[in-house]
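Chemist: Dropping the structure in here first, questions after.
Please treat every number below as a calculation from the coordinates, not as lab data. The model shown is predicted, which means the values in this text are computed figures rather than measured ones. Don't worry about glycine lacking a Cβ; one is built from the backbone with ideal geometry, like all the others, and counts go over all protein chains shown.
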Amino acid sequence: MSDSNLLMGSFDRSPPPEVPPVVRGGKRYVQHIGTYDEGIGQSGGLLDIIDDSTGKRIATVKVYDNTRTPDLEGDVQDIFFESMEFDDSGKLIITDEVGRRFSVDVVTHISEPLP
């Protein structure tokens, strides 16, 4: 998908919600959009952790599974973030487009679903 199509979405789905990056402790946390990560094996549900001073990506974290079915166009199956914010304990709370919530430990890079 070209950059212009990424911003507009495809004919089959709306564009991903615009979720602003969150900066904390010199790191920028941003939704990974636009490319399929071969190492993780999916496109949606990914969080990039970036050094805010250098812009260098530190890690990509799988927040949740985003399994694709081969019978359907890939991008219509991707589920993206709706919101991101830190809670009082320092965990990054992410809500996806379908309302599921996840807690990401930004030190260990472990994500857990919330009730």
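Chemist: How would you order 48-59, 88-99 from highest to lowest mean count of nearby Cβ atoms within 10 Å?
Modeler: Numbers: 48-59: 12.7, 88-99: 14.2.
Ranking the peptides 48-59, 88-99 by packing returns 88-99, 48-59.
Chemist: May I pose another question? With θ taken as phi - 60° and the coefficients 6.51, -1.76 and 1.60, list the Karplus ³J(HN,Hα) couplings across the range 101-115 in order, rounded to whole Hz; mark glycine and proline as x.
Modeler: Values, residue by residue: 10, 9, 10, 10, 7, 6, 8, 8, 6, 9, 10, 10, x, 9, x Hz.
Chemist: Just to confirm a number: summing +1 for Lys and Arg and -1 for Asp and Glu over residues other than Phe86 whose beta-carbon lies under 14 angstrom from that of Phe86, what do you get?
Modeler: +1
Chemist: Something else: Label-point separation (nm) for Ile40 and Asp105, each offset 7 Å from Cα along Cα-to-Cβ?
Modeler: Calculated label separation equals 1.8 nm.
Chemist: Can you sort His109, His32 by how many other beta carbons sit within 10 Å, fewest first?
Modeler: Details: His109 15, His32 22.
Listed from fewest to most nearby Cβ atoms, that is His109, His32.
Chemist: If you don't mind, there's one more thing I want to ask. Multiplying the sequence separation of Arg24 and Ala59 by 0.36 nm and subtracting their Cα-Cα distance, what value in nm do you get?
Modeler: Between Arg24 and Ala59, full extension yields an extra 11.1 nm.
Chemist: Continuing with the same structure: Quote the FRET efficiency, to the nearest 0.05, computed for Ser14 versus Leu114 with a Förster distance R0 of 25 Å and r equal to the Cβ-Cβ distance. Numbers along the way, then the final one.
Modeler: Values: r = 25 Å, r/R0 = 0.99.
Here the calculated transfer efficiency is 0.50.
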